[in-house]
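The values are calculated or read from the model by the stated rules, or taken from the named source; none is laboratory data. In this text, all values refer to a predicted model and were calculated from it rather than measured experimentally. Cβ: placed from backbone, ideal geometry, glycine included. Neighbour counts: every protein chain shown. Only protein heavy atoms, including side chains, enter the accessible area calculation; ligands, DNA and RNA are left aside. Shrake-Rupley method; radii C 1.70, N 1.55, O 1.52, S 1.80 Å.
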Amino acid sequence: MSPRLAIVLGVSLILNVFLVGLGIGARLVPAQAARRPAPNIWAAGDALPPAERDAFHQMLRERAQAVQPELKSVRLARREAAALISQPNYDPTAVGQALQRAREGEMHARGEIDDAFSGYLSHLTPPERAALAEAMVRNRPAGLRKAVGATGPAPSAP
């Protein structure tokens, strides 16, 4: 084989591997983006003045630490469900119960964070709350931004 042909084949191989990887990556990104929580309360806090933002982030950190034990039990319930799913004798009731425990734990933990968030808002000024609300919408995945816009009030007739 000539050196020129070897170089052309090598470049072709590298280009093909790159394109295949690019295609696979493009398929994975939308699936990963869909898992992002919405709205992103942490990122929305960046709309606050620096001192307020630091206090806001500290409150979220503390609340997140407080719900960590519950989130650990959520992960264990999901692992239990996965183990039950892979059993030769599938038991839909047991899988459903494990998934229900995980779902209820997630909702409770999220509720704790949401309660702390809504309580924190009570001392913000109306402009600070408005900036935070705008940032919450802006930090949503694009599909949810469109859905929120689609469910907004209908335009008024002239």
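Quick check: is even one residue across the range 122-130 part of a helix (DSSP H, G or I), of a type in the set (Lys, Arg) and under 20 Å from Trp42 (Cβ atoms)? Lay out the reasoning, then the answer.
Just the residues of the range 122-130 that are part of a helix (DSSP H, G or I), to begin with: 126-130.
Filter once more, keeping what is of a type in the set (Lys, Arg): 129.
Now drop any that are not under 20 Å from Trp42 (Cβ atoms), which leaves 129.
Checked the range 122-130: at least one residue is part of a helix (DSSP H, G or I), of a type in the set (Lys, Arg) and under 20 Å from Trp42 (Cβ atoms).
Condition check ((1) open to solvent by 90 Å² or more (accessible area, probe 1.4 Å); (2) without any contact (Cβ under 8 Å) to a residue 40 or more places away in the chain; (3) more than 29 Å from Ala43 (Cα to Cα); (4) among the basic types (Lys, Arg)) across all residues:
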residue: Ala64; (1), (2), (3), (4): no, no, no, no
residue: Leu76; (1), (2), (3), (4): yes, yes, no, no
residue: Ala81; (1), (2), (3), (4): no, yes, yes, no
residue: Ser86; (1), (2), (3), (4): no, yes, yes, no
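Here Met136, Met59 are screened, and the one residue that is surrounded by 11 or more Cβ atoms within 10 Å (Cβ to Cβ), modelled with pLDDT under 90 and out of contact with any Lys or Arg (no Cβ under 8 Å at 6 or more places or on another chain) is Met136.
The set of residues in the range 109-118 being open to solvent by less than 40 Å² (accessible area, probe 1.4 Å) and either over 18 Å from Arg61 (Cβ atoms) or without any contact (Cβ under 8 Å) to a residue 24 or more places away in the chain (or both) consists of Gly111 alone.
Being surrounded by 15 or more Cβ atoms within 10 Å (Cβ to Cβ) and either touching a strand residue (DSSP E or B) at 6+ places or on another chain (Cβ under 8 Å) or modelled with pLDDT of 90 or more (or both) is a condition met by no residue of the range 26-38.
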